[in-house]
1. Criterion first (surrounded by fewer than 21 Cβ atoms within 10 Å (Cβ to Cβ), within 21 Å of Gln86 (Cβ to Cβ) and either away from the ligand (no atom under 16 Å from the Cβ) or basic (Lys, Arg) (or both)) does Arg175 satisfy it?
2. Just name the residue that is surrounded by the most Cβ atoms within 10 Å (Cβ to Cβ) out of those in region 179-218 that are charged (D, E, K, R) and within 18 Å of Tyr297 (Cβ to Cβ).
3. Of all residues in region 128-154, count the ones that are open to solvent by less than 10 Å² (accessible area, probe 1.4 Å) and either without any contact (Cβ under 8 Å) to a residue 60 or more places away in the chain or under 24 Å from Glu346 (Cβ atoms) (or both).
4. Would you mind listing the helices (runs of 4 or more DSSP H) fully within region 232-337 where at least 3 residues are in contact (Cβ under 8 Å) with a residue 24 or more places away in the chain and open to solvent by 40 Å² or more (accessible area, probe 1.4 Å)?
5. For region 85-103, state whether one or more residues are out of contact with any Lys or Arg (no Cβ under 6 Å at 6 or more places or on another chain), in a helix (DSSP H, G or I), touching a residue at least 40 places away in the same chain (Cβ under 8 Å) and open to solvent by 60 Å² or more (accessible area, probe 1.4 Å).
6. I'd like the full set of residues that are within 13 Å of the ligand (Cβ to nearest atom), charged (D, E, K, R) and part of a strand (DSSP E or B), limited to region 108-166.
7. Check Ser167, Ser157 and return the single one that is open to solvent by less than 20 Å² (accessible area, probe 1.4 Å) and hydroxyl-bearing (Ser, Thr, Tyr).
8. Only one of (1) free of Cβ contacts under 8 Å to residues at least 12 places away in the same chain; (2) part of a strand (DSSP E or B); (3) within 15 Å of the ligand (Cβ to nearest atom) fails for Pro31. Which number is that?
Amino acid sequence: RGMVGGRVTTTANEGIQTDSTTLTSLISVDPPRGTRDFPPEDMRLRSWLFQHFREVSRLFAFEEIDFPVLESEELFVRKAGEEITQQLYNFEDKGGRRVALRPELTPSLARLVLQKGKSLSLPLKWFAIGQCWRYERMTRGRRREHYQWNMDIIGISGVEAEAELLSAIVTFFTRLGITASDVGIKISNRKVLQAVLARYSIPDESFAAVCVIVDKIEKLPRSEIENELAALQVPSDAIDGILQALTLKSLDDLEDLLGAESGAVAELKQLFALADGYGFSDWLNFDASVVRGLAYYTGTVFEAFDRERKLRAICGGGRYDQLLSTYGGADTPACGFGFGDAVIIELLKERKLMPELGHVVDDVVLALEDHLKAPAAMVAAHLRNAGRVVDLVLETKRLKWVFKHTERLHAKRLVLLGATEWNRGTLRVKDLITREESDVTLDDLLT
Ligand SMILES: OCc1cccc(Br)n1
């Protein structure tokens, strides 16, 4: 427990002494910069959101996993200039180890898959919900933590895996009342960029870094993009070719650019055909400008956006077939998405789809006299065993307080133990919806 109003002194061999004579100012009661508390009302909304994450994952037969929020720093050290690695929440621990608070979940998932190795039978369909961190100078006042829902399929090289993940995302939106007129999902494939770069003989080693730069195309002026690409020895004619390719909005145009033999075109066509089968085609559109900002994507990439374009991307993901091999493991096809807990709430507010989540209490139980406390506890236990949510009043309170308390809790029933009634084996019950009062036996309470 924190010491408030007391001065803590430590004398040799006596452990911590407190001396409450020295009044100290209140400690800071706010959470660390960029982080949030979840008091009951906020926690109900978060639990509601996570319940939907879990329900959809369960419907798709995905298994839940988890890993430490603290990881070895090396898991996230990448040389592609990503914002996510430049803002790593990293430090040296007391054992001199370089560690970091995870900025994303995928590397931990890759580590776990490599750790389990041959004991795993592929394909894996795993999901996780975890808090992720970044250390950003507070100049932009942005948050330093958020919760992310991830779903990943490991061991499937075909776009059937991406189609499953997209179906899960659409299922989630639909459960919340969000439709294809509210949200669209842009689909592209990094093989488009790969093919364009190959035409300008840009070395493969630059591919990830080029993608990270190109991902910023809508956030930075073109001149800055050109400068950053030029710093990677991408010549200006190649830059024109890249930027031109990113404006493509149809697979026919893409085929014209890349030719009928293009792998990217084939994968995209197959993905759209599968989407037709699932019935969520109207959520999708091909958009070559989607690149995503993570270095390790190698194929399909996608992101959900609000069609009013007021908000940042709602979720995103893609294929990362080389991530496991960059950690020294065998090449294993993989794809997944990350779905943050912030933008989705902004979207629900925009669309007036926020849920009403009150604290639900069925019964308030109260002993009107001290010698009836144990019987009151028995009544509460009896009701709870039957699955009712019971708030047992733990102190002797005046009825005026109790009525206020039942209103605050929006309780359905008030069960009073009074000496007269209890002696003849009954309880006084007030139905707080109908306002009816009656004397009933314990068994009557559960009929
Ligand atoms: O998606 C970028 C990101 C990573 C960690 C924490 C936060 Br807030 N945002």
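1. No; evaluated as a whole, the condition is false for this residue.
2. Arg190
3. As a first pass, look at region 128-154 and keep what is open to solvent by less than 10 Å² (accessible area, probe 1.4 Å): 128, 130, 132, 136, 145, 149-154.
Keeping just the survivors that are either without any contact (Cβ under 8 Å) to a residue 60 or more places away in the chain or under 24 Å from Glu346 (Cβ atoms) (or both) gives 128, 130, 132, 136, 145, 149-151.
So the count comes out to 8.
4. On the way: elements: 236-245, 251-258, 263-278, 323-326.
In region 232-337, 263-278 are the helices (runs of 4 or more DSSP H) which contain 3 or more residues that are in contact (Cβ under 8 Å) with a residue 24 or more places away in the chain and open to solvent by 40 Å² or more (accessible area, probe 1.4 Å).
5. No, region 85-103 has no match at all.
6. The one that is within 13 Å of the ligand (Cβ to nearest atom), charged (D, E, K, R) and part of a strand (DSSP E or B): Glu145.
7. Numbers: Ser157 fails: open to solvent by less than 20 Å² (accessible area, probe 1.4 Å).
The unique qualifying residue is Ser167.
8. (2)
The values are calculated or read from the model by the stated rules, or taken from the named source; none is laboratory data. These figures come from a predicted structure and were not determined experimentally. Note: ideal-geometry Cβ built from the backbone for every residue, glycine included; neighbour counts use all protein chains shown. Remember, those area values only see protein heavy atoms, side chains included, never the ligands or the DNA or RNA. Shrake-Rupley method; radii C 1.70, N 1.55, O 1.52, S 1.80 Å.
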